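What follows is calculated from the coordinates using simple rules that are stated; it is not laboratory data. What you see is a predicted model; the values in this text were computed from it and never measured. We place every Cβ from the backbone using ideal geometry, glycine too, and count neighbours over all the protein chains shown.
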Amino acid sequence: MPLITLPDGSKKHFHNDVSTMEVANSIGPGLAKAAIAGCVNGNLIDTCIPIKNDSSLNIITAKDKEGIETIRHSFAHLIGHAVKQLYPQAKMAIGPIIEDGFYYDISYKKPFTPDDLSAIESRMEELIRSNYDVKVKVVSKEEAINTFTEREEPYKLEIIKNIGENEEIKLYYHQEYVDMCRGPHVPNTIHLRSFKLMKVSGAYWKGDSNNEMLQRIYGTAWSTSKELKEYLQRLDEAEKRDHRKIGKQMTLFHTQEESPGMIFWHPKGWAIYQVLEQYIRGILILNGYEEIRTPQAVDRTLWERSGHWEKFKDEMFTTTSESREYAIKPMNCPCHVQVFNQGLKSYRDLPIRLAEFGSCHRNEPSGALHGLMRVRNFVQDDAHIFCGESQIQSEVSSFIDLVFMVYKSFGFDSILIKLSTRPTKRVGSEEIWDKSEKALADALDAKKLKWELLPGEGAFYGPKIEFSLKDCIGRVWQCGTIQVDFSMPERLEAAYIDEGGKRRTPVMLHRAILGSFERFVGILIEHYAGRFPVWLAPIQVVLMGITDKNADYCEEIYNKLIKKGYRAELDLRNEKIGFKIREHTLQKIPFQIIVGDKEQDNKSIRVRALNGDDLGEITLESFISLIESEVAKLGRVQ
């Protein structure tokens, strides 16, 4: 006789076991029609699964996050249903959900073509229109083996072999098609409406290159057709903003096979990079950081002592010399401890804030490399704060203010915060983790910030706060982080003398604002679509003469701008002025100065802005005041 407690606090008594769908029906037919799954005592279940005991119940619909995830998972099964009808010899592997969608890995003798993808999508639409019920059955391991042996599905059988004898196995029946999953899934295909198959790519079974290459069909699904349309529009806009495409158009950088995952910066791209570095350097100086530089290659023994070798050895580039093995540093923290360890430190010296624009190398899989966003060599705006336990909250609080200020300077006002706690594989005692996690949570709560908990997502040496920014088309990029670390300083014998003359281990705060410079430049390229604010633009102003007679005057203006520190370009080519204007507009240069005989005689200039505004004939002094005011805005909207 279960008592069901609903989210609004109301309670319902039932004489027998009751399903989520039956509870929904007892409330009203509208809710029953919308019900996709149930959340019973925090656990998601199918709407048909009986609830036997007193429980809290939230009825999940398409409006809930769990609802759209259930819809997407059900769409993955629908791929399987359609593929097996169209290509009976195909063998089904796995079909999980991903951000904004789902995929299914499939083994099939022929590569799927765009026509095949269209055919699969059409068949899925036909199946949806039939409005069939999705049925679930809990089975024994033996029954599951028999089912997929009969259906000749080797990948399903391999998955079943790794399931414990007492673990629950659920089979989902889509008419004649059977799949296996933890669930839940929608009760009927009436809930599966707004979707699109996106592409086909290759994927190794279990992600192991020694296994068979499967074909992965990607799709996206949403609660409404409006949401689907908006998502596809965002994708279209994102494609236009692709930093690799814009980087090539504006000659900012390139990559090549001889150095995979490493960037060849061109002059204009390096100009952006240098502006970022100098800006962050100035911010660090104003906030009490000291800049250092540490070696690229460090003996393996240091990485073993720090704990990184056990965790990261497969991702490290290594080299040998004179019978010693070195690792090219994948991160800066152990080296920063070595700087701290030089000389006796007192509690009066703390906090000590050591910053480095440290070049790191990580042996990322080649298939994961992606322009500036995922590289093997990157530079971080890295810093480590050595402090006492009583200083943690104030240091974290100051860093949070710093993060918000810097992001606002780039025009990012929407910041998401997440607190990641202890992972399964970690170093340090439970007491240390308790203290670390509490310190970060207290710092966030003291500033009355909204944040999300990410259990198990912390670094192996400590919990962390992650700061993610939202760009102009709504994409979220995780960039900044601050991590509390009680373990590494102790492992590497860092110490200071406290007020009582005793030797103490400092707390180490790992922190970065931008993260990888390479990735942050990529984010900026896509956020601004190459139309950088004046302070960041690789070329801030281009000077053009209408005729050869104006060349000397153009050079005179150019030299004055260069001496004032502006990034200017001189275009004295024998081309029509209209051609030059169009070309430099495509290069997204904020200001174009055009000089003809009239301007030369009047010792003036004519200025054209990137947005097409003709600022008319003005003096060079007036233009310098204008560009100074634009630079002072940084990326902030005024």
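Quick look at the values:
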item: Integer Hz, Karplus 6.51/-1.76/1.60 couplings in order for region 581-595, x for Gly and Pro; result: 4, 4, 5, 6, 5, 5, 7, 6, 6, x, 10, 10, 9, 10, 10
item: FRET efficiency, Glu575 to Gln278 (Cβ-Cβ, R0 30 Å, nearest 0.05); result: 0.30
item: Theoretical FRET efficiency, 1/(1+(r/R0)^6), r = Cβ-Cβ of Glu126 and Glu237, R0 41 Å, to 0.05; result: 0.85
item: 0 to 90° range, to nearest 10: angle between helix 620-632 axis and the chain longest Cα axis; result: 30
item: Sequence-distant aspartates and glutamates (8 or more away, or on other chains) whose Cα lies within less than 20 Å of Lys12; result: Glu22, Asp46, Asp54
item: Calculated log₁₀ intensity ratio I(q)/I(0) where the Debye formula runs over C-alpha points of region 1-148, q = 0.20 Å⁻¹; result: -1.25
item: Cross-link table Lys560/Lys603; Lys229/Lys450; Lys63/Lys170; Lys109/Lys199, entries beyond 22 Å C-alpha to C-alpha; result: Lys229/Lys450; Lys63/Lys170
item: Spin-label model distance (nm) - Lys226 vs Lys110, 7 Å beyond Cα toward Cβ; result: 4.2
item: Under 18 Å from Lys598, Cα to Cα: aspartates and glutamates that are on another chain or at least 8 residues apart; result: Asp548, Asp552, Glu555, Glu556, Asp614, Glu617, Glu621
item: Cα→Cβ-extended label distance, 7 Å offset, between Lys141 and Leu6, nm; result: 4.2
item: Under 28 Å from Lys313, Cα to Cα: lysines that are on another chain or at least 8 residues apart; result: Lys206, Lys329, Lys418, Lys425, Lys464
item: Two-site FRET efficiency, Glu621 against Asp601, from Cβ-Cβ distance with R₀ of 25 Å, rounded to 0.05; result: 0.90
item: Positive dipole terminus of region 269-415, leading residue within Gln393, Ser306, Phe317 (C-beta point charges); result: Phe317
item: Within region 343-386, backbone nitrogen closer than 19 Å to the virtual label 7 Å beyond the Cα of Glu457 toward Cβ; result: 374
item: Whole-percent pair-distance distribution, where bins are 10 Å wide, for the alpha carbons of the chain; result: 3, 12, 18, 20, 20, 15, 8, 3, 1, 0
item: Sites matching trypsin sites (Lys or Arg not before Pro) across region 388-439 that sit in DSSP coil, with at most 11 neighbouring C-beta atoms within 10 Å; result: Lys425
item: Computed magnitude of the charge dipole of region 476-534 (debye, nearest 20; Cβ of K, R +1, Cβ of D, E -1); result: 60
item: Sites matching GluC sites (Glu not before Pro) across region 239-288 that sit in DSSP coil, with at most 10 neighbouring C-beta atoms within 10 Å; result: Glu257, Glu258
item: Gain on full stretching of the segment that runs from Arg475 to Gln338 - 0.36 nm per residue minus C-alpha separation; result: 45.5 nm
item: Among Val134, Gly474, Leu86 - extreme Cα towards positive end, dipole of the chain, charges at beta-carbon; result: Gly474
item: Loop-resident sites, region 46-129, for trypsin sites (Lys or Arg not before Pro), counting at most 15 other Cβ within 10 Å (DSSP); result: Lys52, Lys63, Lys109
item: Gain on full stretching of the segment that runs from Arg182 to Ser390 - 0.36 nm per residue minus C-alpha separation; result: 70.3 nm
